[in-house]
Every structure is written in C-alpha cells, then in structure tokens.
Ligand code: PMP
C-alpha cells in the first residue's frame, strides 16, 4: 500500500469519509485524496514527495501564493507576542483600516472565524434590523453550511425551499425563498409575492460555487432596485470574490453597492477569518450596541489579523493586472482541450466541457463526467485541480512562467485521451 493510501486508510477510521471537509474527498472524481506536507508559491508537495502545481490554492485565500514570506513573517511576529488574547488588540484596527480603505461601503464590521459564520451573522443582523424573517437566495449559490442556507429549489419561479441537507429543520427551509440565477421573471415574481416579508436577499455577485455562473450585470442591478423598493437588505457574499476580482471585490467591479457584505478567505491570508459589515445603521443592531447577539472566542485573532493584513497590504492595481493576464493565459491553455470553454473573471476560472452557462440547472452531466476524467489525467501529470467539476480553479501571483509551461505540457499530454 502506498504511503498516501495508508494515511487515507487511517483517516477513514477517524473522520467521516476520511476528510475534515467533504469538498476534499475525491468521491466525485474518483481516487484517493492526496495528503500534502508542505507548500510554497504555486506548488505543493504530497506525503510521497511528489510536487504538484496547485490550481485549488486552499479554495481561494492564497492570492499571494502558498507561504508568502511577508505573510509568514507577519504571522510569526504576531505569534511571538501571543496566540490569542480574547481581548482587543491593535492588529484588529490595522486590518479594519485597510479593509475600509479598499472597500468604503464597509462602514462598520465584525470579525468572525469563517465564511459560514460571516453569512450566518449577516443574516441575523439583517433580520434584526428589518424585523422580518424571510431570506431570498439563488439556486447554485453557496453561502456556507448554516441551516437556512443549505436550501435549494427547482428552477422557475420562487418557491419555498426544500432542505437539501438532512438535519436541516423544515422550518428553516420554509423561511428561505430560492430563485434561479439569470431568471429576471422569477426574481420579479418572488418580490411581487413576498417582497414585504424579505429581510435580505443574499447572492454571490460572481457565483463561483456551481462552476462560475457569471451573471448579466442588469440582473444584479435589478436585484438591487427590488431590494431597495421592498425594504429588503441586499447582502453580497464576497467570500470568494472579495479582494480577488478587484480591490473592492465584485461590488466595485459591478458598481453596485450592497447594504451588507461578507468576506472570508483572502482577508485571513490563509488563517481562519471571516467578516461581515456594511452600513453602519444596520451594524448598529449588533451586540453590544444592539439586540442581535453574535460573539466569538477567537474572533479578531491576532495571528489571523496579521496574516490578513500582510496579504491586503500587497494588493494594488499592478497585482490585479498581473492576475488578469495570468487568468487569460491559463484559460487559453485550458481551451486547447477540445470542447472546453473556460468562463473566467480575472484569476477565477472554470474548466467546463460545454459552452458557458449562467444557471445552475443548465450544467450538463456529460460535461461534469468529462471533467472527472480530466482531473485524474492532470493529477498524473502533476497538476492539482479542485476535485469536482462544480468548483472553480484559483490562480495566484505565484503562478509563474514555469508553472504555466508545466501546465501547457500537461494539457498537450492529456488532450489525446479526451478527444
Ligand atoms: N460563502 C461563499 C461564497 C463561499 O464560497 C464559502 C466557502 N467556499 C462560504 C461562504 C463559507 O465559507 P467557509 O468555508 O469559510 O465557512
């Protein structure tokens, strides 16, 4: 048995499916999850000493690449002064200042420890502020694993959601209205029917959890208008798009201002951090200023704040230009595979064996099966893609010429098997 296989066999005795998060399992693509021991730049090394070019990049936080020296130095310096205080520290202020500088719509914020927590808390604040209970979400958007968000519905007009995870009480699902992306009529109908009950509409403005379902900006502008007209708050979940597609995330790119926004991933530079924030009158409902309770032992953790700040300090227009160029070149390399298109926004791209789609229910099963084959073939060539055809690939500034050359060679090698 290989070293990797024996680690996985032990993992199966400890963890459901042998993993700490289901997206790490290789159930969709087949094979055994790789165990990694170290990473730097755009590459990581598995427990058997094989090096891979990483196109998953911890699912998004590592915009500067793995183990960036400045991030390690900042985290190390913070660590030497104590791992956690459970009391205020100056590092929270430094990160908050930088976030406000990059995203002025964030007038007030609260740090939490994950994207899931950020969304869960933003929804509670929205409900507390509006004194309404219903939340509108979009099919195919992922907002973490809190009860009310694990709901999807069939395509078509807004319907009451069905729980899509066992263990979600029906009552939670009943308070979530699900609308298809890219379906203006369904959106109008949902607001016409339930507009007065909706506390908040939440959306990934660049939906990146069911592939990359890039929306017509007009659809998002209409969503903004409908929320304002009906007294509902608009929440942009920018856990993936925040600081990745532009300094001010999708809100800046699209020129649309949500009432609240959620972040995660990049703002922690690889450490566990989330954040929700936005309008200060809305954030005034959050405890201890207001009646909406939300708290966290490790919130604003000094080491995480330091890693996040070191990351955000390096974001500038040159970096986004570089990521845009890299995105275009890596997408072009992917598109050398017959039948593949690579929908892309900057450094986020989706290898898809189908013409681009904008709705979750339009993704073709055959295209996903073909991705599953591609995944295994590229893994043999030393290229690590997220292990699911519904996940996007992430680039970083560390993806250089050498990695691109390795990737192009790998694509040329696997192309015949996919023709
Ligand atoms: N929202 C979005 C848009 C996400 O992509 C994710 C995770 N990928 C989350 C929320 C949940 O974040 P976390 O995994 O940190 O809880």
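Residue-by-condition table, conditions (1) surrounded by fewer than 19 Cβ atoms within 10 Å (Cβ to Cβ); (2) out of contact with any helix residue (DSSP H, G or I) (no Cβ under 6 Å at 6 or more places or on another chain):
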| site | (1), (2) |
| --- | --- |
| 316 | yes, yes |
| 328 | yes, yes |
| 331 | no, yes |
| 349 | no, no |
| 355 | yes, yes |
| 359 | yes, yes |
| 367 | no, yes |
| 376 | yes, yes |
| 382 | yes, yes |
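Go through segment 234-263 residue by residue and tally those that are assigned to a loop (DSSP other than H, G, I, E, B) and more than 15 Å from residue 207 (Cβ to Cβ).
Going through segment 234-263, the residues assigned to a loop (DSSP other than H, G, I, E, B) turn out to be 238-248, 255-259.
Applying the additional criterion that residues be more than 15 Å from residue 207 (Cβ to Cβ) yields 243, 246-248, 255, 257, 259.
Number satisfying all stated conditions: 7.
Any chance you could count how many residues in segment 124-140 are out of contact with any strand residue (DSSP E or B) (no Cβ under 6 Å at 6 or more places or on another chain) and either closer than 12 Å to residue 277 by Cα or within 15 Å of the ligand (Cβ to nearest atom) (or both)?
1
Determine, yes or no, whether residue 286 is in the same structural domain as residue 76 (by TED's automatic domain parsing), within 15 Å of the ligand (Cβ to nearest atom) and in contact with a helix residue (DSSP H, G or I) (Cβ under 8 Å, 6 or more places away or on another chain). Explain how you work it out, then say what you get.
Values: in the same structural domain as residue 76 (by TED's automatic domain parsing): yes; within 15 Å of the ligand (Cβ to nearest atom): no; in contact with a helix residue (DSSP H, G or I) (Cβ under 8 Å, 6 or more places away or on another chain): yes.
No, not satisfied.
Would you say residue 62 is surrounded by 13 or more Cβ atoms within 10 Å (Cβ to Cβ) and either away from the ligand (no atom under 16 Å from the Cβ) or not in a strand (DSSP E or B) (or both)? Lay out the reasoning, then the answer.
On the way: surrounded by 13 or more Cβ atoms within 10 Å (Cβ to Cβ): yes; either away from the ligand (no atom under 16 Å from the Cβ) or not in a strand (DSSP E or B) (or both): yes.
Here the answer is yes, as residue 62 does meet what is asked.
For residue 121, are the conditions met, namely being within 15 Å of the ligand (Cβ to nearest atom) and modelled with pLDDT of 95 or more?
When the stated conditions are applied, residue 121 passes them.
Among the candidates 272, 247, single out the residue that is within 14 Å of the ligand (Cβ to nearest atom), within 17 Å of the chain's Cα centre (by Cα), surrounded by fewer than 19 Cβ atoms within 10 Å (Cβ to Cβ) and in the same structural domain as residue 98 (by TED's automatic domain parsing). It would help to see each step written out before you state the result.
Values: 247 fails: within 14 Å of the ligand (Cβ to nearest atom).
One residue alone meets the criteria, 272.
Tell me, yes or no, whether segment 11-24 has at least one residue that is modelled with pLDDT under 95, away from the ligand (no atom under 16 Å from the Cβ), within 28 Å of residue 400 (Cβ to Cβ) and within 20 Å of the chain's Cα centre (by Cα).
no
Among what's in segment 141-151 and is outside any helix (DSSP H, G or I) and without any contact (Cβ under 8 Å) to a residue 60 or more places away in the chain, pick the residue that is nearest to the ligand (Cβ to nearest atom). Walk me through it before giving the result.
Taking segment 141-151 and keeping what is outside any helix (DSSP H, G or I), we get 141-146, 150-151.
Checking which are without any contact (Cβ under 8 Å) to a residue 60 or more places away in the chain leaves us with 145-146, 150-151.
On the way: 145: 7, 146: 9, 150: 11, 151: 14 Å.
So the residue we want is 145.
Could you check, for segment 330-344, whether at least one of its residues is touching a strand residue (DSSP E or B) at 6+ places or on another chain (Cβ under 6 Å), at pLDDT 95 or above, in a loop (DSSP other than H, G, I, E, B) and not assigned by TED's automatic domain parsing to the domain that holds residue 76? Full working, then the answer.
Filtering segment 330-344 for residues touching a strand residue (DSSP E or B) at 6+ places or on another chain (Cβ under 6 Å) gives 331, 341-342.
Right, trim to at pLDDT 95 or above and you get 331, 341-342.
Filter again for in a loop (DSSP other than H, G, I, E, B), leaving 342.
Pick out the ones that are also not assigned by TED's automatic domain parsing to the domain that holds residue 76 and you get 342.
Yes, that holds for at least one residue.
For segment 38-48, does any single residue satisfy the condition of being touching a strand residue (DSSP E or B) at 6+ places or on another chain (Cβ under 8 Å), free of Cβ contacts under 8 Å to residues at least 40 places away in the same chain, over 24 Å from residue 333 (Cβ atoms) and in the same structural domain as residue 348 (by TED's automatic domain parsing)?
Yes, some residue in segment 38-48 is touching a strand residue (DSSP E or B) at 6+ places or on another chain (Cβ under 8 Å), free of Cβ contacts under 8 Å to residues at least 40 places away in the same chain, over 24 Å from residue 333 (Cβ atoms) and in the same structural domain as residue 348 (by TED's automatic domain parsing).
The values are calculated or read from the model by the stated rules, or taken from the named source; none is laboratory data. Note that the structure is predicted; figures quoted are calculated from it, not measured. In this analysis, Cβ positions are derived from the backbone assuming ideal geometry, glycine residues included, and neighbour counts consider all displayed protein chains.
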